[in-house]
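In what follows, a structure is listed as C-alpha cells, so that the remarks can point back to it.
Every number in this text was worked out from the coordinates using simple rules, so none of it is lab data. In this text the structure is predicted, and so the values were computed from the model without any measurement. Reconstructed Cβ throughout: ideal geometry from the backbone, glycine too, with neighbour counts over all protein chains shown.
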Amino acid sequence: MFNWFKKHRKEKSSYETNEEWVEALKPPVDERAVALLRQKLIRGLKPALHKYVDRELDQFVEDVAQDALLKVLDNIDSFRGDSKLLTWAMKIAVREGLTELRLKRYDDISIEDLKPDDDSREVFSLSMASSETSPDRSLHESKLVDKVMTIINEELTDKQKQAINALMIQRLPGPVVVKQMDTNRNALYKLVHDARLKIKNKLELEGIDPDEMLDQL
Amino acid sequence: MELTPDILKKLIKSAQMAADHEIGCNECFDELHEFAEMELAGKSPEEAKPLIKDHLDKCSSCREEYQALLEALRTIESDN
C-alpha cells in the first residue's frame, strides 16, 4: 500500500531539483523519470560521441544510454548532490560510451599481438637512433641517452620500465598497454607517475637540470 | 628499437612535469562532474580543483572523456 502510494505520488512531468530526481530514481523507480533521463542522455551522447562512431550512431548511443541508466540506478545512493544529477549521470554515460569504443577499437588485437618482442621488453637494449646531425652533437646526445637509460635501469621496477617503454617509446595507445599489462587505467597512470617522479628526483639528486638537458637535444 | 632525441625529450619533459602529488584517473572521475559544471558556469575550476586540472593536462583518456562530457552538457543546456 505504501509503495503504491509512493509510486503514484512520484509521478511528475518534470524533475527540476536533485531531490526530485533522486526520489524518482530510487526504488520503486518512476518510469517517467527513467524515460526522461534516457532521452536526455541520448540527446547529449550523440554530439559527444559522433566523431568516434563511423556507423549506426543512433543504435550505439541508445545501447550506451541504456547501460549507463542501469549504472545510474544501481549507484543512485552514491550521488552526493555536488552537481546537477543530470551532469553526474552524463559523466557516467560518456565514460560508458568511450570505454566501449576503446574496447571495440582494440578488440581485434589479440594479447599475443600485444606482447612486446624480446628486444623491446628491455629498455636498456634501446639504442640511439642514427641522426643526420653533426658527429659532436650525436656524441653528446648519446651521452644524454646513456645517462637517462642508466637512471631508468637503476631506479625503475621492471613493470615501470615496461610501461614507459610501451607508452613513450613504442607509443602504444593507453588502452592497449592496459590490456598488455593486464592492469587498469588508474593503476597504469599511478605506475607511470611513480616512474616519472623517480627519474625527476634522480636527475635533481645528480644536479642535472632537465631544462639544460632539453636545450642540448 | 631506437630511442630518438624526440622520445628522449618527451621522457625528460614527462619526468620534469611530475609532481609529488598527482591524482589518478579514478579520483579525477570522482570529481569530473563538478569540474565540468564549474567550467560551464564560467567559474574557474582550475583554481578550485587544481589537481583535477593537472590530471586532465597529463592524461589523454580522461581529457577525452572530459571534452566529450562538456560537449554533451552544452547540447543539453542549449535545449533548455
Checklist entry - Can you pick out the pairs among A:Lys46/A:Lys159; A:Lys91/A:Lys179; A:Lys51/A:Lys190 whose Cα atoms lie more than 31 Å from each other? => result A:Lys46/A:Lys159
Checklist entry - Sorted from fewest to most neighbouring beta carbons within 10 Å, what does the list B:Leu69, A:Leu144, A:Leu214 look like? => result A:Leu214, A:Leu144, B:Leu69
Checklist entry - Looking at the square roots a ≥ b ≥ c of the eigenvalues of the Cα gyration tensor of the stretch A:2-105, which shape do they give, rounded for a/c under 1.5, prolate if a/b is larger than b/c, or oblate? => result prolate
Next on the checklist: Sequence gap of 8 or more, or different chains, plus Cα separation below 28 Å: how many lysine pairs satisfy both in chain B?
Outcome noted: 11
Checklist outcome for this item: Taking A:184-195, A:22-33, A:50-61 and ranking on average Cβ neighbours within 10 Å, highest first, one gets A:184-195, A:22-33, A:50-61
Item to check | Burial ranking of peptide ranges A:170-180, A:151-161, A:36-46 (average Cβ count within 10 Å, highest at the top) | outcome: A:36-46, A:170-180, A:151-161
Checklist entry - Roughly how many Å is it from the Cα centre of the stretch B:41-80 to that of the stretch A:76-105, as a whole number? => result 13 Å
Checklist outcome for this item: Computed curve, chain B, Cα-only Debye sum without solvent term, log₁₀ I(q)/I(0) at 0.14, 0.22 Å⁻¹, is -0.57, -1.01
Checklist outcome for this item: Shielding of A:192-199 by other chains, given as the mean Cβ count within 10 Å, works out to 6
Checklist entry - Averaged over A:19-29, how many beta carbons belonging to a partner chain fall within 10 Å of each residue's beta carbon? => result 0
